[in-house]
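Here is the structure we will look at.
The values are calculated or read from the model by the stated rules, or taken from the named source; none is laboratory data. Everything numeric in this text was worked out from a predicted model, so none of it was measured. Cβ sites come from the backbone with ideal geometry, for glycine too, and all protein chains shown count toward neighbours. All accessible areas refer to the heavy atoms of the entire protein, side chains included, with ligands and DNA or RNA removed. Shrake-Rupley method; radii C 1.70, N 1.55, O 1.52, S 1.80 Å.
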Amino acid sequence: MRALWMSSDGGANVLEILMAGGWAMVPILICSAVALAIVLERCLTLRRKAVLPPGLGEEVRQWARSGQLDPSHLQTLANGSPLGELLAAALAVRNRPRELIKERIEDTGRHVVHRMERYLNTLGTIALIGPLLGLFGTVIGLIRMFMQVMAGGIGDPARMAGGIGEALICTASGLTVAIPAYVLHRYFRSRVASYCVAMEKQATALLDDLTLTTPAAAPRTRRAPAPSSTDAG
């Protein structure tokens, strides 16, 4: 901690270090705030209990077998979780052919996945541009320092070394923002992919219950008797 928060007669604190990076630190700090907000929101939204409530798939299949489903029940199910929305879409067209039910599940699934991946592109963009913003700030700082050297000479070498260190603050800050953003972006992507596999499994089980376990009885037709030999004569 002494390296970050030094005594009043010894040096600068963290705020002064960040301010030493110049105006190029402003977009980096904005990116860090946006990334933090996205991470907190996605951690809350992509909780497993919120996406895949335990036992919901089996409970919905029991509802489908009993036939006790009404529009208000389906609306409550759809609003409860992403898995519930997917299963409710299948139950809404449960009396239709299998291919139509499957198509409705796929269409709803695309919308569900899109909502689960909300803001992840922004998080990935922050992970991409973070080092670039840091490099840009460093280059601007070095240019400013060398312009001062050209105007007034080298002067104090220690001051020049300090200027280089201040310029590199932007690069360090950009990497500090980009690395966690990239790791968390990949983590949330993998979590959404695993949720998609689990939801597909539950939707397929419900589809089989709706179309395979209760097949529609085909109408029985009477076969005409074969003509006898006496009729032929």
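Assorted remarks:
- Cβ pairs under 9 Å, 6+ apart, first in the range 179-192 and touching a residue at least 60 places away in the same chain (Cβ under 8 Å), second open to solvent by less than 60 Å² (accessible area, probe 1.4 Å) and among the basic types (Lys, Arg): 184/42; 188/42; 191/42
- Residue 135 meets the conditions (1) within 23 Å of residue 184 (Cα to Cα); (2) open to solvent by less than 60 Å² (accessible area, probe 1.4 Å); (3) over 19 Å from the mean Cα position of the chain (by Cα); (4) not charged (D, E, K, R) in every case but one. The failed one is (2).
- Considering only residues in the range 100-117 that are touching a residue at least 24 places away in the same chain (Cβ under 8 Å) and among the basic types (Lys, Arg), the one that is surrounded by the fewest Cβ atoms within 10 Å (Cβ to Cβ) turns out to be 115.
- Looking only at the range 159-185, residues that are open to solvent by less than 70 Å² (accessible area, probe 1.4 Å) and at pLDDT below 80 come to 7 in all.
- From 30, 38, residue being part of a helix (DSSP H, G or I), at pLDDT 75 or above and open to solvent by less than 30 Å² (accessible area, probe 1.4 Å): 38
- Selection count where residues are over 14 Å from residue 199 (Cβ atoms), free of Cβ contacts under 8 Å to residues at least 60 places away in the same chain and either in a helix (DSSP H, G or I) or open to solvent by 50 Å² or more (accessible area, probe 1.4 Å) (or both), scope the range 65-96: 14
- Any chance residue 53 is at pLDDT 80 or above and loosely packed, with under 12 Cβ neighbours inside 10 Å: no
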